[in-house]
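This report concerns only the one structure given below.
Please treat every number below as a calculation from the coordinates, not as lab data. Please read all numbers here as calculations on a predicted model, not as lab measurements. Virtual Cβ from ideal backbone geometry, glycine too; neighbours counted across all protein chains shown.
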């Protein structure tokens, strides 16, 4: 694959200042040259700060520290794509802002005040984080009966990414199952060279699962909303190394009701029976959407994942002091 | 006037190999980039030569890697394992330059490798491989004690019984000690990435028994080798982190040091030029003691000899690691009864239960360290074997 791609963007974490990035990568086969970029990302500074401030008005104060906005442009030889993205610790914030009340300060709800009938749901980023963690925790070749995922949960290893600067790669997706945990058979050089626009010195998945690309997760059987009230885990941050044993997580969440959404008033500590929590998924409650894991080691990992309903008994919760 | 300017020129080599049967897939990346931090807090980064107005040193890119030799050695290494494996060899050679508003340009070389991936065992399980450090790493990949040790661990782990949860005395071999010291002492002694987070309350905390000192030193022939860190602070000698088991000094960047009313310790490190330098370890050193490994086993009597740990992880006051291979000890003798699986789950003061140190320190071949989205291949740890009165293990 040959490519000549320029990426420029401005990224803000506080609505005032930005990180401005401009990069050009030229690929010929398995060789890349990064340099000679002559575009200036300054034109995106105001847009990035505006996007940050728009979401700041809709997020509670204690989540604004996690808010990241990015506005930029990806120029390939044959087309130019502008893009804008905002996320809070990996939870992609998109067109849903109409549901959050734009009052003086966003309304929050305490975990203790949740409706008893509220369905527990993993949002896209939480689903992606948990599936990625479970895959990394698989200790070896498994029998089908020990596979830690429901049979209708489709997990694909793909060269695609919902993050525009990363879209690249030229080999087909591969379904991950007990027989194929990674795409060992493919040599996707373009994926490896195009996935890390800011971190070209370290290949994606630099550590142990070196053949893993991005994850595209879906659920056979369509999707439907589950009940009037859903408590949606937006993000999951692992507090342990990948394992199929019980694992500890930090979570952010919101309450989703038909005509309104309210942010969770506190972070949650979760204990999850990792090896079995995703074995009993029956259906998705939302279509696959862009998702991101803010991994403390690898950095940002993008993919797509649906929202999944869980039994409330599948997790144990505790409050995390502010 | 900018707070700091930096630029880098170099190349990266990556070779993937699936064995047996696969062909090496070679990728090369040549790069140049600059970064500028402005007083407003803005950061500008571009992959280009630095602007002429910077008067930056003009240097040619460092010499290219030996891709053909690396391919050959990787194939030989995989064949020598006697097991299936998905491996990646990475090599990075570059030259970094940094200056701030007050000082001249400082330069340093980056010359590191990593050999990572997963090895399939005869029992269907996997173990991970994580070697890294200074230079090309070729000396480790050729037939020799290091390659034989990996093959031995793979064979032994394949025949091992499952580890049971519990707590009991243990002897850690130097690699296992290094991982525990890195997670328990090293990360706990780093200043926070966000300089506004004050961790000075950690000073004075006891992390190890009396008589245990730990240093950080980038000038040693360890995994990290630099005279100036990525902010341009000169390394003037070892930083004593732990004295008599108590934290007496944190590892700082300039920003974290200023916030803590302390001095920088030349520990500001960035995985690459586009990323911010943050407080990181360089080479962490626990000096050797006086006991041979046999006498450590004698002192323990019955317990566990931990041969190999992986996937070290720490957060706050807790740390953990996977047990890849351990061996039952009875009557002060190794029994040949191997166990594997389970996790060491401890607090960062686990070394307060250290009873004695081995008489020989070794450089941990795994110098990989990921933090805040930045993976460094050259975070060294030099440590001896260690006798612990108790080690807590989860299934």
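Can you give the relative contact order of chain A as a percent, counting alpha carbon pairs under 8 Å and 6+ residues apart? Reported relative contact order: 19 percent. For the pair residue B:194 and residue B:292 in one chain, pulling the backbone fully straight at 0.36 nm per residue adds 31.0 nm over the alpha carbon distance. Inter-chain Cβ neighbour count for B:366-378, averaged per residue, equals 4 (cutoff 10 Å, partner chain atoms only).
Give me the mean projected area, in nm² to one decimal, of the convex hull enclosing the Cα positions of the range A:116-227.
Spelled out: convex hull of the Cα atoms, projected over all directions, averaged, 9.0 nm².
Centre-to-centre separation between the Cα atoms of the range A:243-322 and those of the range A:1-76: 27 Å.
Which ordering of B:71, A:292, B:360 is given by a fewest-first count of other beta-carbon atoms within 10 Å? Walk me through the numbers on the way to the answer.
Working: B:71 18, A:292 26, B:360 13.
Arranged by neighbour count, lowest to highest, B:71, A:292, B:360 become B:360, B:71, A:292.
As a calculated quantity, the FRET efficiency between residue B:143 and residue B:299 at R0 = 35 Å, using C-beta atoms, amounts to about 0.50. Here residue A:271 and residue B:234 are evaluated by their C-beta separation; at R0 = 35 Å the FRET efficiency comes out at 0.15.
Between the C-alpha center of the range A:110-135 and that of the range B:320-395 there is a gap of 35 Å. If you average the C-alpha positions of the range A:143-208 and of the range B:1-61 separately, how far apart do those two centres end up, in angstrom? For the range A:143-208 versus the range B:1-61, the Cα centre distance is 25 Å.
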